[in-house]
Amino acid sequence: MTSPLPVNPALVPLVACQHGATIPVVGLGTFGSDNYTPDQVASAVDQAIRLGYRHIDCAAVYGNEKEIGCVLKRLFEEGVVKREDLWITSKVWNNKHGAVREACLESLANLGLSYLDLYLVHWPFPNHHEKGVTVDSRDPHAVPYVHARYLKTWAAMEALVDDGLVRHIGTSNMTKAKMQLLLKDCRIRPIVNEMEMHPHFQQPELFAYLTGEGIKAIGFCPIGSPGRPERDKTPEDTVPIEDPVIVAIAQAHGVHPAVICVKWAAQNGQIPIPFSVKPEKFMANLRCVTEDPLTPAEMAAIKQLDKGNRFIKGQVFLWSEAKDWHDLWDEDGRIAGYER
Ligand SMILES: NC(=O)c1ccc[n+]([C@@H]2O[C@H](COP(=O)([O-])OP(=O)(O)OC[C@H]3O[C@@H](n4cnc5c(N)ncnc54)[C@H](OP(=O)(O)O)[C@@H]3O)[C@@H](O)[C@H]2O)c1
């Protein structure tokens, strides 16, 4: 099979964030889940960077930072890219909230880097679960959000910036209620919140709040994560790439509906991080932000598709007294289980 044509990285728009950060508007996701091995994901990172990607979304819990590190080393040695040309994100996993520096140093060692562009607190809960557990299993040690505890983790994140180990810090899976607390008490503000965003889950209130605070949204599952394991699907879940409006717009542009989801995200002011290890797919996701934009009417039509349909519900992070996954998301503006 022939390799897709490269995309000139200079044509990929940069999103300007606080503290002078500029992030390429499309990043490559690297969560292979049950479907792809660490080597397959690393090989995709290799090809993606050779073909024009400059933004890679990593995390310790994805279990492939070592393999991605080998790829980065080779690319630097071959002179394909320089370190400063890349935007590399990683995330501290829930079981390391009390050992942020150790976790960061481990990710840096695995990735073979001396600094990260962005380090995120992956979830606002220190709640761990074993790989592949069923969605209804609960860790007996799991706790609700405890702000004082999160602040300690955040202070350790801030220290990483002070020490030059990371350039910027951010949050992931935060709600408005939790973010309000953090912004009140932090010394260094998060430049981004990484959160689920796709046409069927647009999170308009949180997105508007973040925008008002100058915090950008990195959108995960921008295509609606059609390949996520069956155990992570519920009967209510919809499929954005099968939505007739998305399908019709895709036909009008002569592309796959997934590409329309990525275009919409980028034009909507988010930073989507679609995943694929298949070059024709991941390059379509990058190329699409350099050409043939959606019209205002198409953007308006997609805005109407929001169903408030969260796919990554986080059930495995629930504590024993929690009712159900809605307790993780502060839907009534209150933080479940948290006494102020
Ligand atoms: N911060 C967090 O808590 C968090 C949570 C979840 C995910 N993430 C990040 O977000 C990334 C993306 O999320 P995700 O992988 O769950 O979902 P996604 O990007 O919405 O969906 C990925 C799926 O879409 C398909 N796809 C990708 N590009 C396509 C194209 N151009 N045409 C047709 N199909 C296409 C892929 O199919 P194939 O398998 O056939 O290639 C893959 O199965 C992850 O890899 C990870 O880096 C972060």
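Each value in this text was obtained by applying a stated rule to the coordinates, not by laboratory testing. Given the structure is predicted, the values throughout are model-derived calculations rather than measurements. A quick note on method: Cβ atoms are made from the backbone with ideal geometry, for glycine too, and the neighbour counts reach across all protein chains shown.
Within segment 60-110, restricting attention to residues that are basic (K, R) and surrounded by fewer than 19 Cβ atoms within 10 Å (Cβ to Cβ), the residue that is nearest to V41 (Cα to Cα) is K66.
Any chance you could count how many residues in segment 79-104 are within 16 Å of F125 (Cβ to Cβ) and in a helix (DSSP H, G or I)?
Our first condition is that a residue be within 16 Å of F125 (Cβ to Cβ); within segment 79-104, this holds for 91-100, 103.
If we keep only those that are in a helix (DSSP H, G or I) as well, we get 94-96, 100, 103.
Adding up the residues that qualify gives 5.
For segment 228-262, a residue qualifies if it is assigned to a helix (DSSP H, G or I) and within 11 Å of the ligand (Cβ to nearest atom), and the qualifying residues are D232, P240, I241, A250, P257, A258, V259, I260, C261, V262. Against the criterion of being part of a loop (DSSP other than H, G, I, E, B) and free of Cβ contacts under 8 Å to residues at least 40 places away in the same chain, V26 does not qualify.
Among the residues of segment 301-319, are any over 26 Å from C58 (Cα atoms), of a type in the set (V, I, T) and surrounded by 14 or more Cβ atoms within 10 Å (Cβ to Cβ)? For segment 301-319, residues over 26 Å from C58 (Cα atoms), of a type in the set (V, I, T) and surrounded by 14 or more Cβ atoms within 10 Å (Cβ to Cβ): present. Does Y150 count as more than 20 Å from G29 (Cβ to Cβ), buried (at least 21 other Cβ atoms within 10 Å of the Cβ) and among the aromatic types (F, W, Y)? Here the answer is yes, as Y150 does meet what is asked. Checking the stated criteria, D243 turns out to be among the acidic types (D, E), out of contact with any Lys or Arg (no Cβ under 6 Å at 6 or more places or on another chain) and more than 23 Å from P24 (Cα to Cα). The number of residues in segment 142-174 that are part of a helix (DSSP H, G or I), more than 15 Å from V92 (Cβ to Cβ) and of a type in the set (V, I, T) comes to 0. The number of residues in segment 181-205 that are over 18 Å from the mean Cα position of the chain (by Cα) and under 30 Å from A300 (Cβ atoms) comes to 1.
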